[in-house]
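Structure record follows, encoded as structure tokens.
Coordinate-derived values only; no laboratory data. Not measured: the values here are computed from a predicted model. Note: ideal-geometry Cβ built from the backbone for every residue, glycine included; neighbour counts use all protein chains shown.
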Amino acid sequence: MAMTASELEQLLRESFPAAKITITDLAGDGNHYAAEVIDASFKGKNRVQQQRDVYAALKGKMDGANGVLHALALTTKAPE
Amino acid sequence: MSAQDTIRATVEGNDVVLFMKGTKTMPQCGFSSRVAGVLNFMGVSYVDVNVLADADIRQGIKDYSDWPTIPQLYVKGEFVGGCDIVTEMTLSGELDQLFDAKGVAYDKDAADKIREANA
């Protein structure tokens, strides 16, 4: 149960077409990633709201035992 | 009591609550460990809820906050965030500000030490 970095980026890209997205595979196992998403839609939202948007974009891929992703370290912000 | 009632009572009845995998003295996941470690080091008095001990709470807390991951930190009944948000807030000093605003006691020098070590 894993996914590639490009699959992950593609999934995020569907919801954030204009975002700057940086994916890092932390463990090299396709299961532990860090993602930085910088998107204009985050402006005026707090971090909880921003990261809820990202989780929504993942469409259940992180849902516990049924999820394909175990760990995703998130950094979200609006462009400067 | 349903899982939602238990969660609400815990979150609203305690100043600081951490839902985590494992316990504050024996965390069982790196992300839970990081947040518990910050709170422990800062000397914050908090209630730890081990979601691995109760499947209904483990799913229930995700429904309660509409947040898919563990750990989850609550201060005065409000969801603050998960591991990444708490880490960022610790390093930026926003966590100190939140504790100040909510009247939660913590060791300011220890918080500064965390920031120095990660500068």
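Counting beta carbons within 10 Å around each of A:45, A:59, B:21 and listing the fewest first gives the order A:59, A:45, B:21. With contacts taken as Cα pairs under 8 Å at a separation of at least 6 residues, chain B carries a relative contact order of 30 percent. Evaluating 6.51 cos²θ - 1.76 cosθ + 1.60 at θ = phi - 60° for every residue in segment B:39-46, the Karplus couplings come out as 5, 4, 5, 7, x, 7, 7, 8 Hz, glycine and proline recorded as x. The ranking of A:22, B:90, B:25, A:75 from fewest to most other beta carbons within 10 Å of each one's beta carbon is B:25, A:22, A:75, B:90. When only Cα pairs below 8 angstrom with a gap of at least 6 residues are kept, segment A:5-77 shows a relative contact order of 34 percent.
For each of A:36, A:80, count neighbouring Cβ atoms within 10 Å of the residue's Cβ, then give the residues from fewest to most.
Details: A:36 15, A:80 4.
Ascending Cβ contact count within 10 Å gives the list A:80, A:36.
Working from Cα positions, state the angle (0 to 90°, nearest 10) between the long axis of helix A:5-15 and the longest principal axis of chain A. The answer is roughly 40 degrees. Annotation for segment A:9-56 versus segment B:62-119: alpha-carbon center distance of 21 Å. Pairing the Cα long axis of helix A:47-57 with the longest principal axis of chain A, what angle in degrees results, from 0 to 90 and rounded to the nearest 10? Tilt of helix A:47-57: around 50 degrees.
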